[in-house]
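Just below is one structure, and these are the notes that go with it.
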Amino acid sequence: MSDRARVLLAITVYNGRDFVPDAIRSATRIDTSNHDVDVLVLDDHSPEPGWSEDLGSLCAKLGVRYYCTPRNLGIPRNVNLGLLAAQAEGYSHVIIANSDVLFPANLVDAMVAACAADDRIASVTAWSNNSSIYSIPSDDPVTHLGRQDRVDWLSTTLNDRFGATVFDAPAGISFCIMIPAWAIAQVGLMDPVFGRGYCEETDWSRRSLKLGFRCTIAQGVFVYHAGKGSNESAGLLRPGATTVDEHELIIDMRYPEFREEVGRYVVNGGLERRHAEATTAICRAAARELGYSIEVGYLTGSTPKPDVPTVVVDPAATASAMSCQYLGFTAELDTADGDEEADLAARIHEFGGGAPSGVNLLERGPRTQHLLDALGVTAPGRATYPLRV
Amino acid sequence: MTENSTSTEPRAAVSANGASVEHGADASLDRLNLEQALLDFELANRRVVDLARRVSSLHQELLATRTELAQLKLQRSAGGRLEARLRASRLFPLARRVVWMVRGTRP
């Protein structure tokens, strides 16, 4: 029997002229060496005049299947079309995705592998900058991460570090979620009671868990997700809201244990550790591939260039005072009380895979000179005075 | 990208509502869409009937509870008036002393 999966990538669309084309182009770049991938764009009868026609033309030009439903269905029912198509047409897996995303080239390889990690896995959600409580923390992702080359690199880096590893979650997120075909039959479709959208994937996830299946997050794949801009303008959300209260009440009624479980998960589920592992993997890989510079200053507001891996050091070089920043991600470097300057220098060398390419000395502290000596760099010659009062 | 099944037939003129037929695309998705829409309607209808039944039952329960509450309030009110009349009676202090003597308690 072939290990080659047949995957349907169903991208749901409702307006979004500013970002949908990038998402579709991104989908056409997905690596198909190991698995068959077909892309289906499901236009939910977008109301913007001329947009559906333009989108249909773009899809035809890119060789992507396009379907515009004759009446607006709402997100749950539009997603169901993708699930039904996957089932009817013999796909082994379906990915349901938003259209305000950028997919990495390794998307399908990574998510199929994650699904295969355990035959009880009914869903795998991609890791991202914007995936609810699972989000890898980063500053200004729209500016730093909304680029195809960076998404590809981030996903490859996380895959190198984590492979097909998944962690369990109380609910998946349908911005980019893979569901094996057997799970559609066993768990069912999204419930149309959730109207135009929000909370339907939480409901589906909880149903799958009640049946004894697993709901997981894939650590070895990164999908960029811009966020909810189109939903507010489309009227799915009240201005300033992040969810639909009436749908949350349905979730509370059906799954009274859910909120408490999420609360316990956030505190005890290891999310903070996993986020730290991810940012460390990203910053370490970047420092080793691109080289890194060191900034020595009390004020963290001195902004290093985001696309240059930068180790930021407190001039007093106290414990927990060193971090590495790259593309808005921040990784804390391990330090310990009692570390001497040579120890700190050794940690920086180990993290960055060698000597720094440059040192920006913004302020001097009690340990600065010794630290610079240990790092094997000479202080910049320009005299200055303390930035901090 | 693996080969997909998008129709290569020329598109018909596009209508203002962007219906799939006018895009000349996907008869199989149209069929799935229609079948599921009919199923969704059946389910939605059954849910409406079920919800109507539950609303009606809850409404009956609400009426019964309100009635019981009103009756209890009336009883409490009647009992309160009787107590006030007894306390105002000239015999009340005598009755109170007798009760204390029987119980062995002191005022």
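General remarks:
- Scanning the range A:2-18 turns up at least one residue that is over 21 Å from the mean Cα position of the chain (by Cα), of a type in the set (A, V, I, L, M), more than 9 Å from chain B (Cβ to nearest Cβ) and assigned to a loop (DSSP other than H, G, I, E, B).
- Any hit, the range A:54-71, residues being under 26 Å from the mean Cα position of the chain (by Cα) and away from chain B (no Cβ under 11 Å): no
- Pair list, Cβ < 7 Å and 6+ apart or interchain, from the range A:147-175 residues that are among the acidic types (Asp, Glu) to residues that are modelled with pLDDT of 95 or more: A:ASP152/A:PRO104; A:ASP152/A:ALA105; A:ASP168/A:ARG214; A:ASP168/A:CYS215; A:ASP168/A:THR216
- Only one entry of A:ILE179, A:ILE217, A:ILE173, A:ILE251 meets the criterion of being in contact with a Cys (Cβ under 9 Å, 6 or more places away or on another chain) and under 25 Å from A:ALA105 (Cα atoms), and that entry is A:ILE179.
- Residues that are modelled with pLDDT of 90 or more and either at positive phi or surrounded by 19 or more Cβ atoms within 10 Å (Cβ to Cβ) (or both) within the range A:332-355 comprise A:LEU333, A:ILE348, A:PHE351, A:GLY352, A:GLY353, A:GLY354, listed in sequence order.
- For the range A:236-256, the criterion of being acidic (Asp, Glu), surrounded by 15 or more Cβ atoms within 10 Å (Cβ to Cβ) and more than 18 Å from the chain's Cα centre (by Cα) is satisfied by at least one residue.
- Every condition in (1) away from chain B (no Cβ under 14 Å); (2) touching a strand residue (DSSP E or B) at 6+ places or on another chain (Cβ under 7 Å) is met by A:LEU107 except one, and the failing one is (1).
- Filtered residues of the range A:159-199 (kept if touching a Gly at 6+ places or on another chain (Cβ under 9 Å) and in a helix (DSSP H, G or I)): A:ASN159, A:ASP160, A:ARG161, A:PHE162, A:ALA181, A:PRO192, A:PHE194
- Filtered by the rule that a residue be more than 8 Å from chain B (Cβ to nearest Cβ), touching a residue at least 24 places away in the same chain (Cβ under 8 Å) and not aliphatic (A, V, I, L, M), the range A:42-53 gives A:ASP44, A:PRO47, A:GLU48, A:TRP51.
- Residue satisfying condition, being over 17 Å from A:GLN87 (Cα atoms), more than 10 Å from chain B (Cβ to nearest Cβ), outside any strand (DSSP E or B) and under 18 Å from the mean Cα position of the chain (by Cα), within set A:ILE30, A:ILE24: A:ILE24
- If only residues of the range A:315-367 that are over 33 Å from the mean Cα position of the chain (by Cα) and of a type in the set (Gly, Ala, Ser) are counted, the one that is nearest to A:LEU290 (Cα to Cα) is A:ALA342.
The values are calculated or read from the model by the stated rules, or taken from the named source; none is laboratory data. Everything numeric here is computed off the predicted structure, so don't read it as measured data. All Cβ positions, even for glycine, are placed from backbone atoms using ideal geometry, and neighbour counts span all protein chains on display.
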